[in-house]
Structure formats: C-alpha cells, structure tokens
Amino acid sequence: MSTLQNAANHNNCYQDSHLTVDFQLQRVQLDGQSLKLTQKEFDLLAILVQRAGEPIPRPMLLMLVWGYGAEIRTRTLDVHILRLRKTLGGCARQYIETIFGVGYRFQPSN
C-alpha cells in the first residue's frame, strides 16, 4: 500500500518511514522522537500532510491556518515554514517543497 493510500485510509493518522502525524491527538513524531510544535505549526503541517502531493497556494494556507484574507500581506507563513523545516531537520527537504510563485507542497517519504 502506498503512503498516500495509507494516509487516505487512516484519516486520523499519517505515517511513513520517518514521520508520524496523529491528527486527532495533535502529535508528531520524527524517527520515533516526539516533536514540539506550536499550534500554528501543527495546523500548517496537518494541512500540508492531508493534501500530500498537492501544491497549496499561499493565500489558501494563510486563510486556513490564520484566517487571513487574500488582501493581507505577511511573512508569517514563511516564518512558520522555516520553523517546521528546522524542526524536521535533515528530513525537511524531502517533505516540504517550495513551489515558487504558488505556495508549498508536502512530499511523502517512501
């Protein structure tokens, strides 16, 4: 079963060879170690993971996580992505992809 199928079949949890995200309990583990995320960092990661492989436009992420309208200009999304990448360490590159001019995409690990 592929990672995307696994994520789709178990709506309460995403799991691959490195990352586990429990959406119900709002817990994240990387290589078996619990990660400490702020609520906004968790919300952002959860949206990206739940839409794995799909580019998500910046305005949509700002609306879904912060409730900001399209007219709001802010760097808060970039700051939170930077923090998530720092927390994910060496796995960050494989998971969170910047789609220049669009937004971000979560790429599941095999």
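The values are calculated or read from the model by the stated rules, or taken from the named source; none is laboratory data. Please read all numbers here as calculations on a predicted model, not as lab measurements. Note that we place each Cβ from the backbone using ideal geometry, even for glycine, and neighbour counts take in every protein chain shown. For the accessible areas, the whole protein counts, side chains as well, though only heavy atoms, and no ligand, DNA or RNA atoms are used. Shrake-Rupley method; radii C 1.70, N 1.55, O 1.52, S 1.80 Å.
Toward the positive end of the charge dipole of segment 54-110, about the Cα centre and with charges on Cβ (Lys, Arg +1; Asp, Glu -1), which of THR87, THR98, ILE72 goes farthest? Result: THR87. Helix 76-88 sits at what angle to the longest principal axis of the chain, using alpha carbons and giving 0 to 90 degrees rounded to 10? Taking Cα atoms only, the helix is inclined about 20 degrees.
Over segment 35-110, Cα pairs under 8 Å with separation of 6+ residues give a relative contact order of 40 percent.
Per-residue extension of 0.36 nm, minus the Cα-Cα distance of SER34 and GLN94, leaves a gain of 19.7 nm for this segment. A simple packing score, the average count of other Cβ atoms within 10 Å per residue, orders the peptides 88-95, 25-32 as 88-95, 25-32, with the highest score first. Taken per residue, the accessible surface of the chain reaches 60 Å², heavy atoms only and a 1.4 Å probe. When each of the peptides 37-48, 55-66 is scored by how many other beta carbons lie within 10 Å of its residues on average, the order from highest to lowest is 37-48, 55-66. Taking each residue as 0.36 nm, the span from THR76 to ASN11 lengthens on full extension beyond its C-alpha to C-alpha distance by 20.6 nm. Surface composition of the chain: carbon and sulfur atoms hold 49% of the protein heavy-atom accessible area at a 1.4 Å probe.
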